[in-house]
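**Q** Provided herewith is a single structure, encoded as structure tokens, for subsequent inquiry.
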Amino acid sequence: MNLRFAARAFALSLCLTVLCNCGGGGSSSNNTGNPPPKTQAQISLTQVASGFSNPLGLEQPNDNSGRLFVVEQAGTIRIIQSGSVLGTPFLNITSRVTSGGETGLLGLAFHPSYSQNGHFYVNYTRTNAGQLQTVIAEYTAAPANSNQVDPSTERILLIQNQPFSNHNGGQLTFGPDGLLYIGLGDGGGSGDPNGNGQNKNTLLGKMLRIGVDQPFAAGKQYAVPADNPFAGGGGSPEIFAYGFRNPWRFSFDSTTSRFFVADVGQDAFEEVDIVTNGANYGWNVMEGTHCFNPSTGCSTTGLTLPITDYPHSDGIAVIGGFVYHGTLVPSLRGAYVFGDFGSGRIWMLQENGSTWTRSDLLSTGKSISTFGRDQAGELYVVDYGGGIVLQVRAAS
């Protein structure tokens, strides 16, 4: 597939649905009611590796190998080692993966004890008897420092039927508690037609939290944390938080453990949330800090609003990043860095009391599908359209 065409198709699919207004305007782009401050570029991007096919993710295990693992949408994971891309994929499950638009191999997370047990986890879509499904699966590298994994080591943890081909979410990550967090979108369709975001009895439109180490819950291939909000009833026990449209990329602050989730918007606004146990983030009552259903006069009672949102005049698909704790860009320390797929812009969020201020960092001209972080806390940007991995550095 032509990369430029693929990037545009992915943008239109990821950010919205075919009925959405990609060029919608809006008012403020932060919680102060003001547009983001315009600044000179504070960062630059340095190419690390190229030649990837529709890259969607970048992860690094804590195994001291220095390897970077790049997720390709069609179903492969490739390794960057010592500045070179290895010729043989780390994992190739293209025969299992349904790929295209918002489907594919969408996420990768390494077990906190990966260097000992070789376990890692992926989020992918497949078609089973005509039904599109999200699959959360474990694979095992043996030995853990291997550069190639046998696909037959797959252990499927969870399967979720998908009513539409969009809003699948895609990321999964381990939290500081050692548990696996999984983002699932509302199942697709414009405006959440099935009402999944607010339905506590479905996994769609939710942030899930499970344990991957035994003992497992009865009849399941994972453990259910006792402090999940509905572990004792009243909703699906895997749910950690709810009210999401399409939580595509998210991360924990390695210092404060706060959980930053970027939720891709509908017609007009993109948002970033700090997610906590049992909270409701409003979709489809709210889109960002604005009423959606109904369009005016909606009640925010019981809802947790985002720390920032921005209109589609600034971008059309928010890409969550990380709180920066590296050394290459001292001016970013402690700021949350994130971007937008459609506009290619990168911003930082800085906290001042109860207010978060969004500032421009760089207009990249890239179709940013994800950010990555290495064990030193340095940030990377993945360009879906160009098939490139770049490192964030200080502006020269």
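The values are calculated or read from the model by the stated rules, or taken from the named source; none is laboratory data. Owing to the predicted nature of the structure, the values given are computational and were not obtained by experimental measurement. Ligands, DNA and RNA are excluded from the accessible area calculation, which covers all protein heavy atoms including side chains. Shrake-Rupley method; radii C 1.70, N 1.55, O 1.52, S 1.80 Å.
**Q** Would you mind classifying the chain by shape? Square roots of the alpha carbon gyration tensor eigenvalues, ordered a ≥ b ≥ c; an a/c under 1.5 is rounded, otherwise it is prolate if a/b is larger than b/c and oblate if not.
**A** Note, shape of the chain comes out rounded.
**Q** Full-extension gain between residue 355 and residue 227, please, as 0.36 nm times their residue separation minus the C-alpha to C-alpha distance.
**A** 43.1 nm
**Q** While we're here: Pull out a ≥ b ≥ c, the square roots of the eigenvalues of the alpha-carbon gyration tensor of segment 150-301, then state rounded if a/c is under 1.5, prolate if not and a/b is larger than b/c, and oblate in the remaining case.
**A** It comes out prolate by the Cα gyration axes.
**Q** Can you run phi through the Karplus equation (6.51, -1.76, 1.60; θ = phi - 60°) for segment 186-196 and list ³J(HN,Hα) in whole Hz, with x for Gly and Pro?
**A** 6, x, x, x, 6, x, 6, x, 8, x, 6
**Q** Tell me which residues come under 5 Å, amide H to amide H, from residue 48 once H is placed; ignore anything under 5 positions away on its chain.
**A** Those lying under 5 Å, H to H, from residue 48 are 389, 390, 391.
**Q** I would also like to ask the following. At a threshold of 8 angstrom on Cα-Cα distance, excluding pairs fewer than six apart, so keeping six or more, what relative contact order does segment 108-248 reach in percent?
**A** Relative CO of segment 108-248 lands at 18 percent.
**Q** Show me, for segment 139-145, the HN-Hα J-couplings you get by feeding each phi into the Karplus relation (A = 6.51, B = -1.76, C = 1.60, θ = phi - 60°), rounded to Hz, glycine and proline as x.
**A** Whole-Hz 3J(HN,Hα) from phi for segment 139-145: 10, 10, 8, 9, x, 4, 8.
**Q** Once a ≥ b ≥ c are taken as the square roots of the eigenvalues of the Cα gyration tensor of segment 219-337, is the result rounded (a/c under 1.5), prolate (a/b larger than b/c) or oblate (a/b not larger than b/c)?
**A** oblate
**Q** How large, in percent, is the carbon and sulfur part of the accessible surface of the chain at a probe radius of 1.4 Å?
**A** Reported share for carbon and sulfur atoms: 47 percent.
**Q** Right, next: When ligands, DNA and RNA are left out and all protein chains stay put, how many square angstrom of accessible area per residue does the chain have with a 1.4 Å probe?
**A** Heavy-atom SASA per residue in the chain reads 36 Å².
**Q** What ³J(HN,Hα) values, in whole Hz, does the Karplus curve 6.51 cos²θ - 1.76 cosθ + 1.60 give for segment 197-208 when θ = phi - 60°, with x put for Gly and Pro?
**A** Coupling constants for segment 197-208: x, 9, 8, 6, 9, 10, 7, 6, x, 10, 9, 9 Hz.
**Q** Collect residues whose amide H, placed 1.01 Å from N in the peptide plane, falls under 5 Å from the amide H of residue 308; neighbours closer than 5 in sequence don't count.
**A** The answer is 272.
**Q** Write down Rg/Rh for segment 302-396, rounded to two decimals, with Rg from the C-alpha atoms and Rh from the Kirkwood relation over Cα pairs.
**A** Over the Cα atoms of segment 302-396, Rg/Rh equals 0.97.
**Q** Right, next: Could you work out the equivalent-ellipsoid semi-axes for segment 187-249, taking the square root of 5 times each eigenvalue of the Cα gyration tensor, largest first, in whole Å?
**A** They are 24, 12, 9 Å, listed from largest to smallest.
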